[in-house]
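Beneath this line is the structure, given in structure tokens, with notes to follow.
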Protein chains: 2
Amino acid sequence: MSTESTGRGEPDRTLHLLWRHRLGEPVGSRGPKQRSSVDAVVDAAIEIADDEGIDALSMRRIAERLGLKPMSVYTYVPGRAELIDLMVDRVAGEQPLPELGGSLRERLEQVARLAWNEYLRHPWLMSIDTSRPPLGPNVSDRWEWSLRAIEGLGLSDLDMDQVITLVVGFVTGPARAYVDAERLHRAATESDEEWWARNAPILEQIMDPDRYPISGRVGQAAGEEYGAAADPERAFEFGLARVIEGIEAYVASAG
Amino acid sequence: MSTESTGRGEPDRTLHLLWRHRLGEPVGSRGPKQRSSVDAVVDAAIEIADDEGIDALSMRRIAERLGLKPMSVYTYVPGRAELIDLMVDRVAGEQPLPELGGSLRERLEQVARLAWNEYLRHPWLMSIDTSRPPLGPNVSDRWEWSLRAIEGLGLSDLDMDQVITLVVGFVTGPARAYVDAERLHRAATESDEEWWARNAPILEQIMDPDRYPISGRVGQAAGEEYGAAADPERAFEFGLARVIEGIEAYVASAG
DNA sequence: CGCAAGACCGTACACCATACGGAGAATGTA
DNA sequence: TACATTCTCCGTATGGTGTACGGTCTTGCG
């Protein structure tokens, strides 16, 4: 029921798995041929998480999808924690890293939009504690590419790290809101009105305008504009513009 | 094992529980006196989550701490999902909302620092999907207070919503990094060197400077400056300054 | 007093990750 | 060719989870 987090397994085993394609697979193994593969396991796991959320991701479900019995999955992957590392690195390599374009603003936008797309495609990423991301090839390539977007501006190395962390980190806010709104939209249909009918008495008693004058006004404005509580895509564009302007100002003063 | 998320229970029951203090408790119940209380359950849950993480939070653990048997907890709270809503609203009311001070910058800093403190005190908050926060009294009061920080600047209602979402959302990035670094520091001690010794061969093979020139340089600079991979507190101050500057620029142009 | 509501909880079910050890297959070596 | 080794696959079991269901007993109301 809880925190998924990266970086929990025995680190050397995890590192080997992450870099398995570059390190070269072990050759000449003795036992019977494997019926499946690490890549197949990771693919199956990502598919399950994409379709049904990270809650539905279990070793049993993966085994089922691969035509194996539960315990056989452990032949490919040491455990659930390591598997999640592999999933994170895998999806980090899904989108090609485009050539970094003209202005600073454009380059930072590229960095942010790549993260935005990734989150929308794989919402389970946001349910995972990726504060210490796995040092896999795709995550590493991506980080190098992001830093290149702000190379040569006169920023200190430390500032560079902080700028990218800020831009990438900001994205999670609106991305969370986006997938949440989508989920709600898909689930709701007619129960929406029911919900309001049932709760209106309580809400009226609670949300009196004397106590919440501004929230009330803002909430109503948002509701009228969008027909929903929020427009996360717009929030993404808005926030991104603000963040980039803040960074531009800093670069101008410090660079 | 997974996503905790708010807003999952039967909504009217949850709303009643959230607002239980303002709505007035039900009077003259018939059965035996309750041995515990909703507040005690929520307190116990928060203590467990604070001490041992959200993973360790289970209905059984709560029951144990209250001297009840597991199923009795369900007399107070409909289920785990609703309990988490109650926990979130409870900790949102822990810090008093200070008088909002002078400049826009100062007021936005107050908003951000309140969130920062809350995350550091209750790291499990970051393992929870609070994209749709529970509409409890403390969360609502806090939201109203945050909006008040930017009231009267000439921003549209929608912009106000987006600005606060941006400021509050930004905090999670460095806050995650902070508690993660702390956890690591507590757990590590001597195993740090061991880890490096074991993994140095792989890392050298992997992290060759041709492939990762900038990451390599930046990582080394950070390591030398902090003796650690990052300084999240500094990242918080840095990011906050950038975000606020971006917002100030927007207010100046749009207000 | 008697009834009904409600607190407490025993039991059970369906999940979960994963430790352990065994069966059998494929290979390297003698 | 024969054997030892190694590795895959998996049966079984342990200890955890949330919570549905129904029973027992306490308590206050009519």
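The values are calculated or read from the model by the stated rules, or taken from the named source; none is laboratory data. As the structure is a prediction and not an experimental result, all values here were calculated from the model. Counting neighbours? That spans all protein chains shown, and the Cβs are built from the backbone with ideal geometry, glycine included.
When region B:42-56 is limited to residues that are farther than 17 Å from B:GLY136 by Cα and over 16 Å from the mean Cα position of the chain (by Cα), the one that is surrounded by the fewest Cβ atoms within 10 Å (Cβ to Cβ) turns out to be B:ALA56. Of all the residues in region A:80-93, those that are in a helix (DSSP H, G or I) and small (Gly, Ala, Ser) number 2. Within region A:162-171, being within 7 Å of another protein chain (Cβ to nearest Cβ) and in contact (Cβ under 8 Å) with a residue 12 or more places away in the chain holds for A:LEU166, A:PHE170. B:ARG211 passes every criterion in (1) over 17 Å from the mean Cα position of the chain (by Cα); (2) in a helix (DSSP H, G or I); (3) under 22 Å from A:VAL168 (Cα atoms); (4) at pLDDT 75 or above apart from (2).
Look at region B:200-214: where a residue is more than 8 Å from chain A (Cβ to nearest Cβ) and a partner is assigned to a helix (DSSP H, G or I), sitting 6+ places away or on another chain with Cβ atoms under 9 Å, you get B:ASP208/B:GLY216; B:PRO209/B:GLY216; B:PRO209/B:ARG217.
For the subset of region A:94-124 comprising residues that are in a loop (DSSP other than H, G, I, E, B) and within 14 Å of another protein chain (Cβ to nearest Cβ), which member is nearest to A:LEU153 (Cα to Cα)? Result: A:LEU100.
Residues are listed down the side, and each one gets a yes or a no for (1) under 23 Å from B:PRO174 (Cα atoms); (2) within 10 Å of chain A (Cβ to nearest Cβ); (3) in a helix (DSSP H, G or I):
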residue	(1), (2), (3)
B:MET126	yes, yes, yes
B:ARG132	yes, yes, no
B:ASP141	no, yes, yes
B:GLU144	no, yes, yes
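Residues checked against (1) within 11 Å of chain B (Cβ to nearest Cβ); (2) under 14 Å from A:ASP89 (Cα atoms); (3) within 13 Å of DNA strand D (Cβ to nearest atom):
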| site | (1), (2), (3) |
| --- | --- |
| A:GLN34 | no, no, yes |
| A:ALA45 | no, yes, no |
| A:ILE54 | yes, no, no |
| A:LEU57 | yes, no, no |
| A:ARG60 | no, no, yes |
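Restricting the search to region A:8-24, which residues are within 14 Å of DNA strand C (Cβ to nearest atom) and modelled with pLDDT under 75? Once the filter is applied, which keeps residues that are within 14 Å of DNA strand C (Cβ to nearest atom) and modelled with pLDDT under 75, region A:8-24 yields A:ARG8, A:GLY9, A:GLU10. Taken together, A:VAL77, A:VAL73 contain a single residue that is in a loop (DSSP other than H, G, I, E, B), within 13 Å of DNA strand C (Cβ to nearest atom), surrounded by 14 or more Cβ atoms within 10 Å (Cβ to Cβ) and more than 13 Å from chain B (Cβ to nearest Cβ), which is A:VAL77. Determine, yes or no, whether B:LEU68 is away from every other protein chain (no Cβ under 14 Å) and either within 8 Å of DNA strand C (Cβ to nearest atom) or surrounded by 20 or more Cβ atoms within 10 Å (Cβ to Cβ) (or both). Criteria met by B:LEU68.
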